[in-house]
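Asks: Please read through the structure below; I'll follow up with questions.
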Amino acid sequence: MESYPLYQMIDENGEWVNKSYEEEFNEEKVKEFYYHMLRIRTYDQKGVALQRQGRIGTYVPFPGHEGAQVGSALALSENDWMFPTYRDHGASLTFGADLDRMLLHWNGRIEGCLPSKEKRIMPASIPIATHLPHATGAAIAEVYKGTDNAAIAYFGDGATSEGDFHEGLNIASVFKAPVVFFNQNNGYAISLPIEKQMNSETIAQKAVAYGIPGVRVDGMDVFAVHYAVKEALERARKGQGPTLIEAVVIRFGAHTTADDPSKYRDQEEINRQKEAKDPLLRLKKHLQFRGFWSEEWVESIQSDIRKEIEAAVEKMENAPAANTDDMFDHVFREPTWTISRQKEQLGLIGGNR
Amino acid sequence: MVMSNEIIKTKATSQSLTMIQAITDGLKTMLDSDQNTIIMGEDVGRNGGVFRATDGLQETFGEKRVIDTPLSEAGFVGTAVGMALAGLKPVVEIQFLGFIYPAFEQIATHVTRMRMRTLGQYHIPMVIRAPYGAGVRSPEIHSESVEALFTHLPGIKVVCPSNAYDAKGLLLAAVDDPDPVLFLEPMRLYRGSREEVPTGDYRIEIGKGTRVQEGNDVTIFAWGAMIPLVMKVSEQMKKDGISCDVIDLRSLYPLDRDLIADSVQKTGRVVIVHEGHETGGLGSEIISIINDTSFLYLKAPVEKVTGFDVPVPLFSLENDYLPSTERVETAIRKAYTF
């Protein structure tokens, strides 16, 4: 059987494993990666804090995934499609989703599902793996329309056990759809460790069954991720069909703010791995190694990021109250009589608020 | 730990439990008494379930009987079909009712049909547990109340307790039932209150509702998470001299036709409250039973207070989606003054 080695560009000390792309990953590019990774981590810390303070609902943290999400999102072209899950808001924000809308989503607002007007970023898919066939369909439609746009679908290790994973990949492979199936394998589906999720050693090897390329990268190495996704997108645009990418990451924290990981895994061991493998720390070491790091630069971007996030939180909290019309008015283009009647009755009597 | 459990077992005949604890206790009673029972689902083992319904059970009964499955609802419900064919009694947990759809094909095409297809040679004694309902600020698709999709399917019974006592008794009855049962758990009531729950084994008959408040003026039919709401409103109504006969149907398929008729024939005025969508909801089926059994006893048109014909919205609007005290009160007054 083919083997699927873990592909790296930089090691845990931030030094080159594969130097061939040094020119491509120039100072500007590396700093762009770091900026986005710092931005989404700062946002994530704010998200957890807001949940703890009761200012938003259940929140899904993603620390450990920043390299995978930023590396992949920055590989996309302007008009590509993104089909994320609930843990991929870091990728959505990097590709261009609106920050305050994202926070509205965590605050239980339908407006939070509204895609950005500029980018084709779908609202996070909650039911596992259900959006993989959507990415396949969007990609097939782009071919039909004669564009060279592609699609990317995000999903976790647990999603590979759902039927929709197979169906999405199979159809995409049959039609050579320009789609990248981007798996972030963090080793846990809530509490279930990967060795109880599947009998296969890697996720990348599942590509064999569909006759498509499977690539396994260190998902905490932003360069390796970026390069793999870019290459897959190029193949896709050339009509060479889909690619399955497995980005191996660690979920540093809980599944959601409602989850207690100490119930099912040794959190201290995870913390030790975090210290060694943190994608931000690794990129910082790389910046230092190449002489691109400066405290003033980091302080300045950190301060910009904090301001941006505070402004978004304020906007989220000052948003006009949720409007009950929104749940009635968009079920169909023209409401059916049952919906019109129910809307009228609620207006006369009032809800629970 | 074992010591203290033993003491409780021998000394006490009941204990004060929340609904979630009563469910855990029921599952434990089941695993203790029947070697052929097993539990399967996502995160039910080491994690003890996302709501802790199976907390500690894998530790006590082992990984062969309390099984963490891959993330695969169609897979483990289908696997449970095979296990049931081979003589086991699987109790599977769907993490939230809104995530049951991948397994819908298994339920609609196999779980519900096996007995008939084999003219009774095989049957599927399976229980599917699923938390349901809105009102706890859950994320999208975690708040569905689609019991009517399942009461419509021939071949599966559907039950839904509103309190800890009924939860354990109905669960054990569902496990005992030779046919498949969907056991809906109102997650909003998991930890809301405690009540005395007998230790050990007892059953609540599937197909029987219960009168939770005796009254003469207006009948209210409800179940699950709607019961505390209608009890609150019926208390308020007492101040205005309106007495409500509150019926907790608790068995949604089959419905308790006799109890429905008994109450309607007494009051002649009816309000049905459910959190599922209105069109095709169970309320319409109850009206059909009233039509068949008690048409000439009616003094007013039957009122329905239900969820709307819209996807359950994200939580900022979920309380507007749900039947409210105001809507229930308005319906009671309308029926009463007609």
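Quick note: the coordinates plus some simple rules give every number you see, no bench work behind them. Small disclaimer: the values here were computed from a predicted structure and weren't measured. Backbone-built Cβ (ideal geometry, glycine too); neighbour counts: all protein chains shown.
Asks: For segment B:255-338, what D do you get in µm² per second when you plug the Kirkwood radius from alpha-carbon pairs into Stokes-Einstein at 20 °C and 1.002 mPa s?
Replies: 158 µm²/s
Asks: To continue, here is another question. Between Rg and the Kirkwood Rh of the protein assembly as shown, both from Cα atoms, what is the Rg to Rh ratio?
Replies: 1.00
Asks: Per residue of segment B:110-126, in order, report the coupling 6.51 cos²θ - 1.76 cosθ + 1.60 (Karplus, θ = phi - 60°) as ³J(HN,Hα) in whole Hz, putting x for Gly and Pro.
Replies: My calculation for segment B:110-126 gives 10, 3, 7, 10, 4, 4, 5, 5, 9, 6, x, 5, 10, 9, 10, x, 10 Hz in order.
Asks: Which trypsin sites (Lys or Arg not before Pro) in segment A:166-206 sit in a loop by DSSP (not H, G, I, E or B) and have at most 12 other Cβ atoms within 10 Å of their own Cβ?
Replies: Sites meeting the loop and neighbour criteria: none at all.
Asks: Please work out the Cα convex hull volume for segment B:2-198 and give it in Å³ per residue.
Replies: 111 Å³
Asks: Would you calculate, for chain B, the mean residue ellipticity at 222 nm contributed by helices, counting each DSSP H stretch of 4 or more residues as -39,500 (n - 2.57) and dividing by all residues, to the nearest 500?
Replies: Calculated mean residue ellipticity at 222 nm is -10500 deg cm²/dmol.
Asks: Let me ask something else about it. Could you work out the helix-only [θ] at 222 nm for chain A, with each DSSP H run of four or more residues adding -39,500 (n - 2.57) and the total divided by the number of residues, to the nearest 500 deg cm²/dmol? Please list the in-between numbers first.
Replies: On the way: 13 runs with 158 residues, N = 353.
Computed mean residue ellipticity for chain A: -14000 deg cm²/dmol.
Asks: Further question on the same structure: Once all Cα-Cα distances of segment B:209-261 are split into 5 Å bins that start at 0, what whole-number percent is in each one?
Replies: 5, 22, 33, 21, 13, 5, 2
Asks: Enter the per residue convex hull volume of chain A, computed from alpha-carbon coordinates, in Å³ rounded to the nearest integer.
Replies: Values: hull volume 56.0 nm³, N = 353.
Spread over its residues, the Cα hull of chain A gives 159 Å³ apiece.
Asks: How much of the DSSP beta bridge set in segment A:19-322 is antiparallel, as a percent to the nearest 5? Kindly include the intermediate steps, with their values, before the conclusion.
Replies: On the way: 2 of 25 bridges.
Percentage antiparallel, nearest 5: 10.
Asks: So who's got an amide H within less than 5 Å of the one on A:Val17, skipping anything under 5 residues away but keeping other chains? H placed 1.01 Å off N, in plane.
Replies: It is A:Ile10, A:Asp11, by chain and number.
Asks: Please report the Cα spread of chain B along all three principal axes, rounded to whole Å, starting with the longest.
Replies: Result, largest extent first: 59, 48, 40 Å.
Asks: Another question, then. Could you give me the ³J(HN,Hα) list for segment B:72-85, computed from phi with Karplus coefficients 6.51, -1.76, 1.60 and θ = phi - 60°, whole Hz, x at Gly and Pro?
Replies: 6, 5, 4, x, 7, 5, x, 4, 5, 4, x, 4, 5, 4
Asks: Would you list which lysines come within 20 Å of A:Lys46, measuring only between C-alpha atoms, while excluding same-chain residues fewer than 8 positions from it?
Replies: Partners found: A:Lys274, A:Lys307, A:Lys315.
Asks: Sort largest first and round to whole Å: the equivalent ellipsoid semi-axes of segment B:73-114, each the square root of five times a Cα gyration tensor eigenvalue. Don't skip to the end; give the middle numbers.
Replies: Details: eigenvalues 58, 28, 10 Å².
Taking √(5λ) for each Cα gyration eigenvalue gives 17, 12, 7 Å.
Asks: In nm, to one decimal, how far is the A:Tyr21 label point from the A:Val174 one, both placed 7 Å along Cα→Cβ?
Replies: For the pair A:Tyr21/A:Val174, the computed spacing is 3.3 nm.
Asks: Go from 0 up to the bin containing the longest alpha carbon distance in segment A:246-326, width 5 Å each, and give me the % of pairs per bin.
Replies: 3, 10, 11, 12, 14, 16, 14, 10, 5, 2, 1, 0
Asks: A further question follows. Please order B:Ser16, A:Ser3 by the number of other Cβ within 10 Å, starting at the fewest.
Replies: Details: B:Ser16 12, A:Ser3 9.
Listing B:Ser16, A:Ser3 from fewest to most nearby Cβ atoms yields A:Ser3, B:Ser16.
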